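A short reminder: the numbers here are calculations on the coordinates, not readings from a lab. Values in this document were obtained by computation on a predicted structure and should not be read as measured data. Using ideal geometry, Cβ is built from the backbone for each residue, glycine included, and neighbour counts are taken over all protein chains shown.
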Amino acid sequence: MKNVLKVFVLLIIAFFLIGLNLSCKKTTPTETPTPSASESQSQTPQADDLTNLDSSTALEEITANFNTAKQKAALWQTDATLYSSSAKITKSLQWEDVIEVYTFGSPSQPAFWWTISISVRSKNYVRAIIPKEDYLGANLVPVRTQYWKINYVEAFQIAEDNGGKEWREKQKDNNYQTTATLAHGEPKGYLYWMIEYQLTDGSDKKTIQIDANSGEVINE
């Protein structure tokens, strides 16, 4: 009888331990799978230089910067309107080194431009109020954004294929910068990108004009 009782007790203990083990397995948290290297790379935009950066990759961030500019401009004047946009491109040609500049005007402040410069890399910005006679002049008209079909990355790449790259290669031992400026102008008052390559001492430059709606090169 004692032996039967011992066996019975051992069976109870065994079942209890098996149940406890199963319970532990059920409550152990499942580890979150870690993305493979290839998955991580495919999800992270590549910061290529501006000669081969996919312009659609840049579009989301450019749009976000423009929206920030509009919001800040509205704090200056509720009727603030965009008159010009530009991108300052360094000799490194790295997109993260670009400084975007948005220029707004308002009928209630007819003698001044309101500008905001935004760093692509840090997203830091600087705002300034500048007399029109000191910057861009007073003859600009508001940007008709329905004709703003290409961004400065695409405009720069078009300029590169139409003489810009050749100019840079000739000046590779000199200091220069490139500026892409969006504004209405001659001929016809259309919306254009003006891509200007210029030595820092001002001794040489090349300007390429591009229709912001069609991407057509107007002159070289």
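How big is the gap, in Å, between the Cα center of the range 204-220 and the Cα center of the range 97-115? Cα centroid to Cα centroid, the span is 23 Å. With 0.36 nm allotted per residue and the present C-alpha distance subtracted, the K170-S122 stretch has 14.1 nm of extension available. Measuring how big the range 55-219 is from its alpha-carbon positions, Rg and Dmax come out at 15.6, 47 Å. From most to least packed by mean Cβ count within 10 Å, the peptides 171-181, 137-147 give 171-181, 137-147. Dipole check for the range 55-219: with +1 at the C-beta of Lys and Arg, -1 at the C-beta of Asp and Glu, and the Cα centre as origin, the magnitude is about 340 Debye. Shown here for the range 82-142: trypsin sites (Lys or Arg not before Pro) in loop regions (DSSP other than H, G, I, E, B) with at most 11 other Cβ atoms within 10 Å, namely K123. For the pair T207 and E96, the difference between a 0.36 nm per residue extended length and the Cα-Cα distance amounts to 37.7 nm.
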